1. First compute the accessible area of region 449-589 with a 1.4 Å probe, then give the percent of it belonging to carbon and sulfur atoms.
2. Pulled fully out, how much extra length does the chain show between residue 817 and residue 325, if you take 0.36 nm times their separation in residues and subtract their Cα-Cα distance?
3. Using Cα centres only, tell me the gap between region 428-446 and region 467-497 in whole Å.
4. Any idea what angle helix 488-503 forms with the longest principal axis of the chain, computed on alpha-carbon atoms, 0 to 90 degrees, nearest 10?
5. With every protein chain left in place, what is the accessible area of residue 662 in Å² (1.4 Å probe, nearest 10)?
6. Straight-line reach only, C-alpha to C-alpha below 17 angstrom: list the aspartates and glutamates that residue 212 could link to, leaving out same-chain residues fewer than 8 apart.
7. Can you say what percent of the DSSP beta bridges in the chain, counting only those with both residues inside, are antiparallel? Round to 5.
8. Relative contact order (percent) for region 563-681, with alpha-carbon contacts under 8 angstrom and 6 or more residues of separation?
Amino acid sequence: MEDDGEWVLVRSPAEKDLWTPSLVEEEEESSRPLKVTFSGPAKHWTDAIPIGNGRLGAMVWGGVASETLQLNEDTLWTGNPGNYTNPKAPEVLTEVRKLVDDGKYVEATEAAVKLSGEASAVYQPLGDINLEFGDSHLKYDEETYSRELDLDTATARIHYSVGDVEYTREHFSSYPNQVIVTKISASKPGSLSFTVSLGSKLQHNSNVNGNKQIILQGSCPGNPNGILFSAVLDLQISNGSGAIHVLDDNKLRVEDSDWAVLLLVASSSFDGPFTKPSDSKRDPISESLTALNSIRNFSYSDLYAYHLDDYQNLFHRVSLQLSKSSKNNLGDKTLEAKKRMTNLNIKGSDDAFVSTADRVKSFKTDEDPSFVELLFQYGRYLLISCSRVGTQVANLQGIWSKDLYPPWDGAQHLNINLQMNYWPSLPCNLRECQEPLFDYTSSLSINGSKTAKVNYEASGWVVHQVSDIWAKTSPDRGQAVWALWPMGGAWICTHLWEHFTYTMDKDFLKNKAYPLLEGCTSFLLDWLIEGRGGYLETNPSTSPEHMFIAPDGKQASVSYSSTMDISIIKEVFSAILSAAEILGKTQDALVGKVREAQSRLPPTKIAKDGSIMEWAQDFEDPDVHHRHVSHLFGLYPGHTITVEKTPYLSKAVDYTLVKRGEEGPGWSTTWKTALWARLHNSQHAYSMVKHLIDLVDPDHESDFEGGLYANLFTAHPPFQIDANFGFSAAVAEMLVQSTVKDLYFLPALPRVKWANGCVKGLKARGGVTVNICWKEGDLHEVGLWSKDHNTTKILHYSGSTVIANISSGRIYTFNRQLKCLRTTYL
């Protein structure tokens, strides 16, 4: 409490600040603002700034005379709960299996289309906040314009001058108060005038409520009835100056105010994946008005303080500083100093402003390490902004979409994309952000049990390649090459086990993870059938979205026991056996069946050219540079291939990656980055980092594979958010790798490109927090702690190995030789 009796919020130290290395150099401690900056208003959607609270998102364009905040709410989807079963599937399954057994892969591929289902539902945009400032703002001074996203505060800011008046806008999306907040202010009293309205591409109507609110209500397409939604915009202006007028019953006009605050709340009638919209009892308008009423006594400063406290509790857990060698010549140091000025937004007399887009362009030549820091933290920012406790799972575009028909429906794709969305959640210290994935998995298991029983006459539960808000579990509509892939649920289940290995949370393992693992495992045991050479096999089987040349010279996609199928099954079987050991379930009948089946799974095989075989037979590959690297799952994110235990397979993976090449969409690039990191190959891992950092021209997207847009969204193209998350996870993998027992420091560090650096707050398996500083490419010091339990870790660095006993509540500092220098209390 302060002297005047007012309570003030005092935060605990951020997790990244709990450990400090000795002899910290100025380089490591220098402040580098994490900002995505723009030189002008957005011209394309991928120039706009994304903000979000997990559920409510906005894209801030930063227009001057006219401004748009394009809005999303994560439960707005087309359709209704579906019937994800096909009673005719068992007969077709028998037909396809017979064709595969007879080596008729082309015919099997054609017949397998009859196993496909219906298309997924489609993610929908909420609408727009439209702001009109009038013709006077067309005369703004372009030299004064700035637009930025501050990752440290999750705030978008726009600043410009018209004459002698400076205008500032601030936007943030608050998770604790579930509101998008905008403050617009002018430097001179009475200088702010504008008109605000709400619109939507969906069927809707809007009207003014009283004299300071606009209510938007509408519906998503459904059959017959879709999800209902509402948004309410509340307008507040400075006391004692200005006025609000109603225009056309659907707009509000602010005249001659000092400042204005806009609050946007939204709700829908979505009541879970198993309730039809027509049966929902939820009232979106009532819920939106209630949400507004709950914050009506909060000032802008109050809302901003609650937002910062919530967001920074997550974001400030991890810091990363990277720099080149200090042995550079004077010219290099001068260039580095100028970049530092740019990062600080200090404009010296000879130093022009450099936008983030320009930094992307220049990376091919300057390879600025601080840009890697920014892109790494941007991935963490986006995950916090689109996936929080109680929200929907992050979809193909997170929560941000402007289209009624977004690419690939904006739907969750489970053959890489959804999983990659959550790759950084554990190593990058955002475990809570993964909770929507587990809630979603629970819903999938319910529908998936029906699909498994009817379609495949199997127990347990199954999910295929694409899903949606209704937890669709049946195959997608279309060709077998993408639709027939019943391993989506199994891959998600590996995240359940990984969550335990990072957190060591036995309650989570017992109550959440194990029941889902049991159901998934039951399906896999039934899906496996007697196969060739005494092995169990999956039949039919595809390698996601990839064809092969059948013996008759024609292309096919359906065969048996693709390497990815077997790799995922091995991972799930290993997880449930380990979980059973921890939970005392080793005598359960299911566990016994898993042990027996595990020993009969086919091994990962090496092709005659030295690469990892993608299919059970060494088929010719018609597209050796294909975007998917599914057959390398066992190395990453799996664990059945390791440099230490399977060097011959690791060598084959190395050759496979070289053969596959660097080209591919953003998510392919970041997956390859992580794979090279697992191989401890810093040169190739860094090459893939550099490959991603390529500025995409939205007007000529088809000329690009992968890359970054001006707002740092990653491109397939078009925009897919998965590679943003994959990048953060891959960088973490370059710096720290772990098993429950082992910790590997700087296993894929680019020792020249990132010669000096410090990372704090990363998480490792076994419940350990890891902090590392290095100088001139060599380890300087490591800080480790475990908050909740004692553990023993085997530490690895540059050929040295040390066993360390870590007691809970203590911070241990180790030097380059992995000798413990000191311990302190948390």
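The values are calculated or read from the model by the stated rules, or taken from the named source; none is laboratory data. Source: prediction; values computed, not measured. Reconstructed Cβ throughout: ideal geometry from the backbone, glycine too, with neighbour counts over all protein chains shown. We work out accessible area using only protein heavy atoms, side chains counted, and drop any ligands, DNA or RNA first. Shrake-Rupley method; radii C 1.70, N 1.55, O 1.52, S 1.80 Å.
1. Values: 2080 of 4350 Å².
Here it works out to 48 percent.
2. 175.0 nm
3. After rounding, the separation between the Cα centres reads 15 Å.
4. 70
5. 70
6. 132, 234, 248, 249, 255, 256, 258
7. Details: 135 of 139 bridges.
In the chain, DSSP labels about 95 percent of beta bridges as antiparallel.
8. This gives 29 percent for region 563-681.
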